[in-house]
Amino acid sequence: MMIAWPAKADEIAELKAEMKAQKVKIKVLETHLLQLEQKKIHSQAAAAPAPGPIVTEEEAPPVAPPFWNPLVSGRPVHIVETAGTEITMYGLVEATISGVTNAAPNGDSKLGFQTAWFSGNRWGLYGKTVMFPEYGLNFIARLESEFESPTGNMDTNGVLFNRDAWIGFESEFLGKLTFGRQNTLPRDFSNIWGDPYTSASLSTAEGGYTNVNNFKQLIFYSGGGSGAHGYGDTRLDNGIVWKKMFDSGLVLGAAYAFSDGNGPGGPNGSGTIPGAGFGRGSVQSAAIGYNGGPFHISAFWNHTNVLEAVNGVYTNNGLSHMSEGIGGNYEFDFFGLGVLRWNAGYIHYTADQGFVGTRTDNAVTTSIKFTPPGLFDYEVGWQDFYAHNAAFTPGGFTFNPYQDASGATDAGSGSRMTVYGSIIYHPVPTIDIYLAGDYLRTTGEYIASQANGHNNATEVATGVRWKF
């Protein structure tokens, strides 16, 4: 025992020395790590932007729940959103108060609310589902309904989705192919030059003109559908429409609509007319356009076989109505004061009218939109139609283009000219407050129903519209 003890004491001393050395190493490592962390903090602080002013809770803007963010910024609201499917809700509400001269046959004027001046009041649902992601092919659909803001009534009695009710497919290779009630193809292609209130460039989306005013009438030359108010509608029932945009800027379109029993709400309901076929009672259209940077051009051809109605019964005799249109616009910097867009277009129209013979129209239009920096934009336009041998309705007014005039017994020739202008204030991107007006004048035997038998009418309107 006396011999073994010194050996154990030496082992304990060595163990203590080793532990002390390890503690020194750990301390050195901790010091090194602390230095690295301090360097990292200093480098992050140097790269970070300077702090902004302190905002108290009272001064901070309200934060909308995520669901409402699109609505606040003027974008459609996503009501369904999954990995492969999304459904959005959108809409527009507009109210107009106007004063109109020659609003009655005796020349009386009127003042008050009217059907919205610029845009049909609407709400709608748009859906998209990814079908084949490897090909970029999506299934798409739209349902859109129109109502009147002064009363809340449906725009077309008994028809919920009177603006759009279609399904289809879309991909970069295919383009957009849709089936159901939708715009006529010429309407979507001519709207870039028909008036100054639409998009300047072509796309596969549906477009349109202004809603209810004296210069809206140009849109009927790009109509031809057999919708809720008979032939002459600017939408297609039973329609098939294809559009495609190419990388070069070229845009192509084609459309076909089967015959229809006077559209939704019509005497035969909505469906193909017995005895009609591909050549009778149908609509055929083709269009081409080009987006060229600051300029955009388009042209269309449209043909409708209007089934003749005898004593309220459709016959199998097709009356040919046809229009061709070409136009475009150019956007340029107006001496550094803002963007000026100039539109111009021409449309030729011919129509079989049964007893009174063939009608021939030539229509021209031009307009300007000026958008300076700030919250205002300004529009002015002019259009003129010359109608040769245009049939009269039973009420004594000139038929709109593409309406069935087979029962007419008299016709006349004359012109219809309209000038118009507007000032629009945009306090926020989703709201427009406007002052607008137009002046209509007819010559010869052109009798415009809007003037109630007089040769002129003036409208002045103010209103507001909200888009979401």
| task | Would you mind pulling out the separation of the Cα centroids of region 355-370 and region 375-414, in Å? | result | 8
| Contour minus end-to-end for V130 and V364, with contour as 0.36 nm per residue of separation and end-to-end as the Cα-Cα distance? | 79.9 nm
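I'd like the FRET efficiency for H78 and L375, computed as 1/(1 + (r/R0)^6) with the beta carbon distance as r and R0 of 41 Å, rounded to 0.05. Let's see the in-between values first.
Details: r = 29 Å, r/R0 = 0.70.
Plugging the Cβ-Cβ distance into 1/(1 + (r/R0)^6) gives 0.90.
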| How many nm separate the modelled label positions at V419 and T350, each set 7 Å beyond the Cα in the direction of the Cβ? | 3.4
| What length, rounded to one decimal in nm, is gained on full extension from D247 through to L111, with 0.36 nm per residue of separation minus their alpha-carbon distance? | 44.0 nm
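State which entries of K128/K243; K128/K244; K110/K467; K128/K369; K216/K467 exceed 25 angstrom in Cα-Cα distance in the structure shown. Present the calculation step by step, with values, prior to reporting the outcome.
Details: K128/K243 17 Å; K128/K244 18 Å; K110/K467 28 Å; K128/K369 34 Å; K216/K467 21 Å.
Pairs exceeding the cut-off: K110/K467; K128/K369.
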| said: If packing is taken as the average number of other Cβ atoms within 10 Å across a peptide's residues, how do 81-87, 299-305, 198-204, 167-173 rank, most packed first? | reply: 299-305, 198-204, 167-173, 81-87
| task | Would you mind ranking W166, W193 by Cβ crowding within 10 Å, fewest neighbours first? | result | W166, W193
| query | What is the spin-label model distance, in nm, from S320 to F173 if the labels are put 7 Å beyond Cα along the C-beta direction? | reply | 3.9
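Since every read-out is calculated from the coordinates, none of them should be taken as a lab result. This structure is a prediction, so every number in the text was calculated from the model and none was measured. Every residue, glycine as well, gets a Cβ built from its backbone with ideal geometry; the counts of neighbours run over all protein chains shown.
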